[in-house]
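The values are calculated or read from the model by the stated rules, or taken from the named source; none is laboratory data. Because the structure is a prediction, the values reported are computed rather than measured. Here Cβ is always computed from backbone atoms with ideal geometry, including for glycine, and neighbour counts include all displayed protein chains. With ligands, DNA and RNA removed, areas are computed over all heavy atoms of the protein, side chains included. Shrake-Rupley method; radii C 1.70, N 1.55, O 1.52, S 1.80 Å.
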Amino acid sequence: VSTQSNGTFDPIRREMIITDAIDLGVCVKTCPQRSDISVTVYQNASSASTPITYPILFNSESTMYRCIPDFLTFDCANATDCLNQLTGAASQFSVVNEAVRLGQEGFREIINGWWVIAVGVASSFVLSFLWVFTLRRTVKPIVVIFIVLVLLLLIGGAAGCGIQYKYLKDLDQPATSKDTLDIWLAATIILGAVAFILICILVYAGKMIIIACDVIEESAKVPISIPTMNLVPLCIFAGAIPFAVFAIIVSVFIQSCGDTLVIDGYIPVYVNGTDFSDVASLMQNTSAISQYYTAHTYTFEGWRVYAHLYNLFMFLWTFGLLNAIGFLTFALCTVFWYWSKPGDNKQPPLGSVCIAIKMCICNHLGSLAIGSFLVAIIQLMRVILVLIEKKAKETGADKQPQVKFLLRVGHCVLACLERVIKFINKNAYIIMAHDGTNFISSAMRAFEVIGGNKLTIGFTYFIAELFFFFGKLQIALFSGGVAFLITYKVESAGTGITKGIILIVIVTLIAYLVATLFLSVLACCVDSMLMCFCYDKIYSEVDYFPQDLAKHVDVQTDSAKIQKKNAEMATAQGLHSHSVPLQDVSSDML
């Protein structure tokens with residue numbers, strides 16, 4: 001409701017400031033209806049002023065302390081355009097009302113069942129810790145059982161399809177078509193070929209698979225020895241929230257940048273089915289003269305797109321830097337654990353996480369900023385390509401085969417490039433934790449280490465990803481099952497819980513997030529442990545291998561490689577008489 005400068009209501013002139021939409025309207029005692037002739041307006045939170053009178057065009061209902069209009073109650077006097085517009089507006093508001101109603105029901109469900117969510121989340125924490133704890137001794141048995149079951153399934157399936165093919169062929173029934181026989185024969189050949197390939201892989205790379213299992217089992221010991229590592233992802237997530245909020249606020253400011261533009265005009269008015277929206281007709285009809293209005297809107301600045309891209313790039317860079325700090329922290333903790341003592345009696349220094357964070361900020365922040373900067377550039381390029389694709393769809397250019405091909409190739413190339421850069425960054429950070437070198441030198445050394453252990457690294461990554469995926473799935477489903485059992489028992493016991501599905505979905509999602517946080521720590525430990533193992537084989541004069549990994553090392557071959565590498569390093573650096581072996585670096589120095 002618009003008022004004059006002296007505070008009295010002006011029913012003739014209506015003023016609407018679009019950018020001040022949150023301040024539009026007045027506080028009323030009850031939502032007005034078309035039958036009302038006056039509305040009681042509150043001057044402050046407790047006292048109401050004298051009722052004011054103005055034309056009420058439609059009914060309204062209270063929803064979340066807002067009077068939502070019912071446009072279908074407006075009298076269009078059978079004008080077709082007016083009816084169509086009001087019907088469309090009413091359908092949009094009905095969707096909003098339904099969304100608000102569902103949101104209110106969900107909020108009440110969360111308030112009443114908060115303890116169910118707490119129990120489910122607690123169970124997800126316990127399950128995540130138990131999953132990491134049990135991986136210390138269960139990776140090899142699980143992998144062996146899984147491989148045996150897959151082989152039995154493939155061989156049994158091939159045998160069954162072959163028997164069915166022979167049976168149908170010997171039966172020689174007219175109803176059995178040649179296509180059916182071909183399908184059974186093809187299934188037999190495909191399943192047999194897959195089983196043969198899997199057996200060949202096991203014969204050729206069986207040792208590498210066992211090494212990968214041992215690396216994962218040893219990696220699971222690191223977060224158990226340094227339990228404070230599990231808090232780092234939560235701290236990173238909490239630290240990213242202020243930057244995300246700041247980026248959102250800046251984007252709102254950028255989006256609203258512009259100059260005020262005043263527009264005078266007339267609202268379309270229907271009197272007895274006649275449209276008096278034009279000035280001449282309106283001025284001749286005094287009953288419609290009250291529909292004059294002034295609208296204030298904005299002419300937006302043209303540089304907003306570039307400002308949004310810059311704001312997005314800075315957020316991606318900051319978020320990537322936080323993730324890089326977290327990863328290097330895990331890598332340093334794994335390095336502390338691995339190189340603390342030879343054999344199985346590993347004793348990382350006290351306060352390993354604090355020491356690692358200090359080293360990240362004081363010694364390696366620039367290198368981390370470079371790596372995250374490269375990733376942010378590729379991510380920004382992918383966003384720009386999405387905007388280009390959206391523009392092409394608006395103009396219809398995406399229907400051209402050449403444009404569609406270029407867009408798809410661009411998405412594929414940028415996605416692959418982003419994964420390659422992340423892979424390089426990850427291994428460079430691990431070598432950085434070993435040697436304390438800069439980003440470029442660490443990346444070059446990482447390629448040297450990876451070059452001689454490609455298959456071992458590949459199998460380790462593959463097996464680890466399978467374990468992490470099934471671990472997240474099991475933890476989320478089990479926690480959701482706990483929430484289901486609780487809500488099933490108390491849903492009709494007067495607890496206020498009426499739709500347990502909302503609580504079950506919330507618990508499952510939170511449990512998946514918790515499992516992701518726990519297993520992300522383990523994933524970083526696996527990457528770092530694998531690089532430590534490969535690094536130990538090539539460069540270390542003293543074996544720091546844990547017992548399960550030491551049995552996979554060919555002592556004679558690796559000793560020759562170590563001596564040759566040490567001689568090359570000593571010759572290059574001129575340190576024949578002053579070289580310091582790696583075993584002299586104590587855990588206290590780390």
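Tell me, what is the FRET efficiency for Phe423 and Lys207 to the nearest 0.05, using R0 = 22 angstrom and their Cβ-Cβ distance as r?
On the way: r = 24 Å, r/R0 = 1.10.
Rounded to the nearest 0.05, the efficiency is 0.35.
Can you tell me the length gained on complete extension of the stretch Leu466 to Met381, counting 0.36 nm per residue apart and subtracting the Cα distance? Kindly include the intermediate steps, with their values, before the conclusion.
Details: separation 85, 0.36 × 85 = 30.60 nm, distance 3.04 nm.
Extra length from Leu466 to Met381 when fully extended: 27.6 nm.
Taking the highest mean first, how do the peptides 221-228, 244-251 order by number of other beta carbon atoms within 10 angstrom per residue? Don't skip to the answer; put the middle values down first.
Working: 221-228: 17.9, 244-251: 13.6.
Peptide ranking by packing, descending: 221-228, 244-251.
Lys489: which lysines have alpha carbons under 19 Å from its alpha carbon, excluding same-chain residues fewer than 8 sequence positions away?
Lys499
By a straight-distance test (C-alpha under 27 Å), which lysines pair with Lys140 as possible cross-link partners, with residues fewer than eight away in the same chain excluded?
Lys207, Lys221, Lys341, Lys346, Lys426, Lys454, Lys472, Lys537, Lys551
Quick one: ranking Lys390, Lys537 by accessible area, 1.4 Å probe, largest first, what do you get? Numbers along the way, then the final one.
Details: Lys390 125, Lys537 40 Å².
Accessible-area ranking of Lys390, Lys537, largest first: Lys390, Lys537.
Take the alpha-carbon centre of segment 407-478, take the same for segment 337-397, and report the distance between them in whole Å.
Value for the Cα centre distance between the two parts: 11 Å.
How would Asp344, Asp170 line up by accessible area, probe 1.4 Å, largest first?
Details: Asp344 75, Asp170 100 Å².
Order by accessible area, largest first: Asp170, Asp344.
Using R₀ = 41 Å, calculate the FRET efficiency as 1/(1 + (r/R₀)^6) where r is the Cβ-Cβ separation of Val409 and Glu105; round to 0.05.
Values: r = 47 Å, r/R0 = 1.14.
Step by step, r from the Cβ atoms, then E = 0.30.
Keeping all protein chains in position, work out how much accessible area Leu417 exposes to a 1.4 Å probe, and write it in Å² to the nearest 10.
70
Computed over the Cα atoms, what is the radius of gyration of segment 323-418 divided by 2.2 N^0.38 Å, N being its residue count?
Numbers: Rg = 21.9 Å, N = 96, 2.2 N^0.38 = 12.5 Å.
Output field value: 1.75.
Working with all protein chains in place, sort His364, His308 by solvent-accessible area computed with a 1.4 Å probe, largest first. Don't skip to the answer; put the middle values down first.
On the way: His364 10, His308 55 Å².
Output order, biggest surface exposure first: His308, His364.
Leaving out ligands, DNA and RNA, and with a 1.4 Å probe, what % of the accessible surface on segment 353-466 is carbon or sulfur?
Details: 4430 of 6370 Å².
Carbon with sulfur: 70 percent of the solvent-accessible area.
Could you give the length gained by full extension between Leu149 and Phe478, i.e. 0.36 nm per residue of separation minus their alpha carbon distance, to one decimal place? Let's see the in-between values first.
On the way: separation 329, 0.36 × 329 = 118.44 nm, distance 2.36 nm.
Extra length available between Leu149 and Phe478 comes to 116.1 nm.
Distance in nm between label sites at Gln347 and Ile163, each 7 Å beyond Cα in the beta-carbon direction?
It works out to 6.1 nm between the two label points.
Kindly report, to the nearest 10 Å², the accessible surface of Arg34 as traced by a 1.4 Å probe over protein heavy atoms only.
110
Quick check for you: which residues of segment 408-436 have the amide N under 14 Å from the point 7 Å beyond the Cα of Lys393 toward its beta carbon?
Residues passing the 14 Å test: 408.
Name the lysines eligible as straight-distance cross-link partners of Lys169: C-alpha to C-alpha under 23 Å, and not fewer than 8 places from it in the same chain.
Hits, sequence-local ones excluded: Lys178.
Could you compute the FRET efficiency for Leu509 and Tyr310, with r as their C-beta to C-beta distance and R0 at 30 Å, rounded to 0.05?
Values: r = 33 Å, r/R0 = 1.08.
Computed FRET efficiency for Leu509 and Tyr310: 0.40.
Please work out the C-alpha center-to-center distance from segment 228-249 to segment 503-525 and express it in whole Å.
Cα centres, segment 228-249 to segment 503-525: 16 Å.
What accessible surface, in Å², does a 1.4 Å probe find on Phe253, ignoring ligands, DNA and RNA and rounding to the nearest 10?
About 130 Å², ignoring ligands and nucleic acids.
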